[in-house]
Amino acid sequence: MLTVMAASEIPDVLWTPDPHHAGPMTEFMAWVREHRGVDVPDYAALHSWSVEDLEGFWSAVAEFEGVRFHTQPSVALGGSEMPGAEWFPGATLNYAEHALTPGPGREDADIALVFAREDGLERTVTHAELRELVGRARAGLVGMGV
């Protein structure tokens, strides 16, 4: 059964995106058009491409996001059987390198983590602090011969 709302019942629009600001998805769609020759003018087209061409889509995501493979994968998707899909087989990367390298959302002042313990202890750590703490831990381990 279809219910029709009276004009007085329709809520006000709370937020509308800025038409002059390209968000990450819009930037990705433009990048895909330029670098992969795939025209995905809207979300529906992007979604269709993402489910029809898993290899093309996920290899584009990895490249667009700047994933630093130390050993390149042979393909983006080695096997699509679920469960057990094999993503980027043969690839190696360093998670800490990605987590600690400055970038969007990981600039010095950005929050890296919020720590909360049951006894009430709470701490917010910025990316700059996290990099410093990791550097100290590394130096300590190297100093012990690890």
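For the range 65-72, check the following and say yes or no: at least one residue is farther than 28 Å from residue 37 by Cα, of a type outside the set (Lys, Arg) and open to solvent by 70 Å² or more (accessible area, probe 1.4 Å).
No, because not a single residue in the range 65-72 is farther than 28 Å from residue 37 by Cα, of a type outside the set (Lys, Arg) and open to solvent by 70 Å² or more (accessible area, probe 1.4 Å).
Conditions (1) surrounded by 10 or more Cβ atoms within 10 Å (Cβ to Cβ); (2) in contact (Cβ under 8 Å) with a residue 40 or more places away in the chain; (3) over 30 Å from residue 72 (Cβ atoms); (4) touching a helix residue (DSSP H, G or I) at 6+ places or on another chain (Cβ under 8 Å), marked per residue:
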site: 98; (1), (2), (3), (4): yes, no, no, no
site: 107; (1), (2), (3), (4): yes, no, no, yes
site: 114; (1), (2), (3), (4): no, no, yes, no
site: 121; (1), (2), (3), (4): no, no, yes, no
site: 126; (1), (2), (3), (4): yes, no, yes, no
site: 129; (1), (2), (3), (4): yes, no, yes, no
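Of all residues in the range 1-16 being at pLDDT 75 or above and assigned to a loop (DSSP other than H, G, I, E, B), which is nearest to residue 43 (Cα to Cα)?
Applying the filter and picking the extreme gives 16.
In contact with a strand residue (DSSP E or B) (Cβ under 7 Å, 6 or more places away or on another chain) and either outside any loop (DSSP other than H, G, I, E, B) or aliphatic (A, V, I, L, M) (or both): is that true of residue 78 in this structure?
Yes; evaluated as a whole, the condition is true for this residue.
Just checking, how many residues over the range 76-96 are open to solvent by 80 Å² or more (accessible area, probe 1.4 Å), among the hydrophobic types (A, V, I, L, M, F, W, C) and free of Cβ contacts under 8 Å to residues at least 24 places away in the same chain?
Just the residues of the range 76-96 that are open to solvent by 80 Å² or more (accessible area, probe 1.4 Å), to begin with: 81-83, 86-87, 93, 95.
Right, trim to among the hydrophobic types (A, V, I, L, M, F, W, C) and you get 82, 87, 93.
Then drop every residue that is not free of Cβ contacts under 8 Å to residues at least 24 places away in the same chain, which leaves 82.
So the answer is 1.
Can you name the condition, by its number, that residue 103 falls short on among (1) open to solvent by 90 Å² or more (accessible area, probe 1.4 Å); (2) under 30 Å from residue 23 (Cβ atoms)?
All conditions are met except number (1).
If you take the residues of the range 64-75 that are touching a residue at least 12 places away in the same chain (Cβ under 8 Å) and assigned to a loop (DSSP other than H, G, I, E, B), which of them is farthest from the chain's Cα centre (by Cα)? Quick ask: steps written out before the conclusion?
In the first step, residues of the range 64-75 are kept if they are touching a residue at least 12 places away in the same chain (Cβ under 8 Å); the result is 64, 66-75.
After this cut, where a residue has to be assigned to a loop (DSSP other than H, G, I, E, B) as well, the list is 66-68, 72-75.
Working: 66: 10, 67: 10, 68: 13, 72: 19, 73: 19, 74: 22, 75: 20 Å.
In this case the residue turns out to be 74.
Across the range 84-107, what is the total count of residues that are polar (S, T, N, Q) and closer than 22 Å to residue 133 by Cβ? Explain how you work it out, then say what you get.
Let us first name the residues in the range 84-107 that are polar (S, T, N, Q), namely 92, 94, 101.
Add one more test, that the residue is closer than 22 Å to residue 133 by Cβ, and what stays is 94, 101.
Number of matching residues: 2.
Among the residues of the range 23-41, are any among the aromatic types (Phe, Trp, Tyr) and surrounded by 10 or more Cβ atoms within 10 Å (Cβ to Cβ)? Explain how you work it out, then say what you get.
Applying the first criterion (among the aromatic types (Phe, Trp, Tyr)) to the range 23-41 yields 28, 31.
So of that shortlist, the ones also surrounded by 10 or more Cβ atoms within 10 Å (Cβ to Cβ) come out as 28, 31.
The answer is yes; a qualifying residue exists.
Of the numbered conditions (1) surrounded by 10 or more Cβ atoms within 10 Å (Cβ to Cβ); (2) modelled with pLDDT under 95; (3) among the polar types (S, T, N, Q), residue 48 satisfies every one except a single condition; which is it?
It is condition (2) that residue 48 fails.
The values are calculated or read from the model by the stated rules, or taken from the named source; none is laboratory data. These numbers were taken from a predicted model, which means no experiment stands behind them. Don't worry about glycine lacking a Cβ; one is built from the backbone with ideal geometry, like all the others, and counts go over all protein chains shown. Accessible surface is based on the protein model in full, side chains and every heavy atom, while ligands, DNA and RNA are left aside. Shrake-Rupley method; radii C 1.70, N 1.55, O 1.52, S 1.80 Å.
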